[in-house]
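Below is one structure, written out as structure tokens; the observations come after it.
FYI, it's all coordinate maths here, none of it is from the lab. Treat the numbers as computed from the prediction; the structure is a model and nothing was measured. Virtual Cβ from ideal backbone geometry, glycine too; neighbours counted across all protein chains shown.
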Amino acid sequence: MCTALSIKSDEGKYFFGRNMDLAYTFNQAVMIIPKSFQFKDKVTGNMITNNRAIIGMGTVIDNHPTIADGMNENGLACAGLNFAGYAYWEKEPVEGKTNIGPYDFIQWVLSNHDTIEEVKKDIENIELVDISLNEKTPCPTLHWMISDKTGKSIVVEKTKNKFAFYDNTVGVMTNNPTFDWHLTNLNEYLYLTPNYPNDTKWSDQELTPLGIGAGSLGIPGDFAPASRFVRIAYIRAHMTSVKNDIQAVTQFFHMLDYVKMVKGGVITKDGLEDLTLYSSCMDQQEGIYYYKSYDNNRISAVDMKKEKLEGKELKIFLYPTTQDINYQN
């Protein structure tokens, strides 16, 4: 379970990020992968060289960095969201293709491209292969939302039937089923409005709204992917003006809170509590990664432009797990 989002400020700058909904931690932390950093490709055995500096939330498994969401130094951003039951990976490498594990797809996107058009052009040349990082870490079941700093966005999905990308005309994404289904499903909710409804009359009975918010009566309030997709698409479509970076970041996190998972709301079939482990917001123009965690909802920020963007070593930042309260007396 996850939700991804892209918004635009009044200054024309774009912000991209996501809720990571998960029942467990994965030793996550914000990391910077510099240009020239190298690691071993688990599919081919060759060494991969990072071509662009990347900042994002991820983890390191057997000296192999994997990214859950991030952006590169030129503002291209990507997030992987759960796509269980739909995602399909090839069992063996495909001749004539660039074969990678699905856990390396974000790195491939961000290391080699700056725009959506570049990704669209190259995506037909790659293949995703079911080769795990190690015996304890199976391949993730994912699909991806990618956005550049001009606001163009796509969703990439590989199912058993096809490897496809879709232009993302609503600027949001959740989980199952496929993205085209979610777009069609929005037609069921075209009556929703933030405006106050007019009084009406049924037969001889006068009808009037019972309170503020009646225009959105019927919007789904549960945690299912289809419902979260409707809610985040609705709130994005009716987003009010955000004049500057701080307003944009603040509004972004409020919007993600609208589809946030809270402890006790969802129990997985394994008996675990699903929750929003962290929320992220990336300033694609300035290269700043903002985030907050379930256990510390103060916004933290890492500015990649303040760090060395070329080198051989990862830089990993401390992940806050204790609540930070501003005591005023």
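Things to note:
- Mean separation of Cα contacts under 8 Å, 6 or more apart, over the residue count of the chain: relative contact order %: 25 percent
- Rg and Dmax, both from the Cα atoms of region 47-169 and both in Å, are 13.6, 40.
- Matching the structure-derived Rg and Dmax of the Cα atoms in Å against the labelled list (i) 20.6, 77; (ii) 18.1, 51; (iii) 29.8, 92 gives the label (i).
- Of Lys8/Lys306; Lys8/Lys97; Lys152/Lys315; Lys162/Lys243, pairs whose Cα-Cα distance is over 32 Å: Lys8/Lys97; Lys162/Lys243
- Of the GluC sites (Glu not before Pro) found in region 285-329, the ones in coil according to DSSP and having at most 16 other Cβ atoms within 10 Å of their Cβ are Glu286, Glu307, Glu313.
- The distance linking region 41-100 with region 104-162 is 7 Å (Cα centroid to Cα centroid, whole angstrom).
- DSSP loop chymotrypsin sites (Phe, Trp or Tyr not before Pro) with at most 12 other Cβ within 10 Å: longest gap in the chain: 25-190
- Within region 1-94, GluC sites (Glu not before Pro) in DSSP loop having at most 15 other beta-carbon neighbours inside 10 Å: Glu11
- Temperature 10 °C, viscosity 1.306 mPa s: under these conditions the Stokes-Einstein estimate for region 14-67, based on its Kirkwood radius over C-alpha pairs, is 124 µm² per second.
- Bridges between two residues of region 2-316, per DSSP, are antiparallel at a rate of about 95%.
- Report summary: the helix-based calculation at 222 nm, which adds -39500 (n - 2.57) for every DSSP H run with n ≥ 4 and divides by the residues of the chain, gives -4000 deg cm²/dmol.
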